[in-house]
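Here is the structure we will look at.
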Amino acid sequence: MKYPEEIQKELERAVKALEENNDGMARVCARRAVGAAIRQWGARQPRPPVWSGKSQSAVIQLRALAVDEAIPSKIREAAVRLSTTVDRDHKLPFDESPIDDALIIIRHFVG
């Protein structure tokens, strides 16, 4: 599926980063893609949540999304994984792809 330009570019950057074994950059790009989707969704809402605003970073948006009980659990779980910080060994406590998690969230907000 083709997404609005800003989202699509970040997803493509995330895929390229994974191909280059740059997992950290893939996560950054996946988060930025989600942030763009949330901002675009928020701009269409008559009363958007504070966390959807342009001034919020993608990580702040993801952390707020992760605890918003109005959001389906599958979306919240993906937000938790994308906003989790790596440990000292640059490892995460799960195996899910950041791109897959980003797509779960993007599909919810963009379609």
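Before moving on, here are some points about what is shown:
- Residue selected from the stretch 49-74 under the condition open to solvent by 60 Å² or more (accessible area, probe 1.4 Å) and assigned to a loop (DSSP other than H, G, I, E, B), by the criterion nearest to P98 (Cα to Cα): P72
- Total residues in the stretch 80-97, condition of a type outside the set (D, E, K, R), loosely packed, with under 13 Cβ neighbours inside 10 Å and free of Cβ contacts under 8 Å to residues at least 40 places away in the same chain: 3
- Flag if I105 is under 17 Å from V28 (Cβ atoms), open to solvent by 60 Å² or more (accessible area, probe 1.4 Å) and of a type outside the set (F, W, Y): no
- Being part of a helix (DSSP H, G or I) and either loosely packed, with under 14 Cβ neighbours inside 10 Å or hydroxyl-bearing (S, T, Y) (or both) is true of D100.
- Residue among G35, G42 that is touching a helix residue (DSSP H, G or I) at 6+ places or on another chain (Cβ under 7 Å), under 16 Å from L103 (Cα atoms) and assigned to a helix (DSSP H, G or I): G35
- For the stretch 25-47, the candidate set comprises residues that are of a type in the set (G, A, S) and farther than 18 Å from K91 by Cα; within that set, the residue that is surrounded by the fewest Cβ atoms within 10 Å (Cβ to Cβ) is A43.
- The C-beta contact set for the stretch 34-62 (first residue in contact (Cβ under 8 Å) with a residue 40 or more places away in the chain, second residue open to solvent by 40 Å² or more (accessible area, probe 1.4 Å), distance under 6 angstrom, 6+ apart or interchain) comprises A37/V110.
- Filter result for E77 (among the acidic types (D, E), open to solvent by 60 Å² or more (accessible area, probe 1.4 Å) and not in a helix (DSSP H, G or I)): no
The values are calculated or read from the model by the stated rules, or taken from the named source; none is laboratory data. None of the values given here were measured: they were computed from a predicted structure. Cβ atoms come from the backbone with ideal geometry, glycine included; neighbour counts cover every protein chain shown. When the accessible area is computed, the model is the full protein with side chains, heavy atoms only, and any ligands, DNA or RNA have been set aside. Shrake-Rupley method; radii C 1.70, N 1.55, O 1.52, S 1.80 Å.
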